[in-house]
1. From 114, 128, 97, which residue is surrounded by 15 or more Cβ atoms within 10 Å (Cβ to Cβ) and touching a helix residue (DSSP H, G or I) at 6+ places or on another chain (Cβ under 7 Å)?
2. Given 52, 77, which one is touching a helix residue (DSSP H, G or I) at 6+ places or on another chain (Cβ under 8 Å), crowded, with 18+ Cβ neighbours inside 10 Å and modelled with pLDDT under 95?
3. Given the conditions (1) more than 22 Å from residue 132 (Cβ to Cβ); (2) in contact with a helix residue (DSSP H, G or I) (Cβ under 9 Å, 6 or more places away or on another chain); (3) at pLDDT 95 or above, report the number of the one that residue 22 does not fulfil.
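The values are calculated or read from the model by the stated rules, or taken from the named source; none is laboratory data. This one's a predicted model, so the numbers in the text were calculated from it and none came from an experiment. A quick note on method: Cβ atoms are made from the backbone with ideal geometry, for glycine too, and the neighbour counts reach across all protein chains shown.
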């Protein structure tokens, strides 16, 4: 990845995000990215983005993450998100974490649509498909 997606949300690094060395613990980048995906969906009009109509949930299926440089305590970060692939029952987000113009972390996160009752894959609701297609 070279350019980061245009949609982004701000995150500040707190002490609870860091390890004993004062750098962001690797799993917390995934939490920051979750926030950005949630805010991306909120911007499309979905108040509770993980819970969709008709007993459907959005859940992370897989993550391919590259850690390039560390973020540190009190850093101001921009965490971006965009849909890079939209399929019938899943979507792939392309995401970046930056400090100013410095790329710290990038990832592709596959998010599946599943039925809450049995966690089996189901199609994304049509309104969600349309909203996401307009953003890809």
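1. Exactly one of 114, 128, 97 is surrounded by 15 or more Cβ atoms within 10 Å (Cβ to Cβ) and touching a helix residue (DSSP H, G or I) at 6+ places or on another chain (Cβ under 7 Å), namely 97.
2. On inspection, the qualifying residue turns out to be 52.
3. (3)
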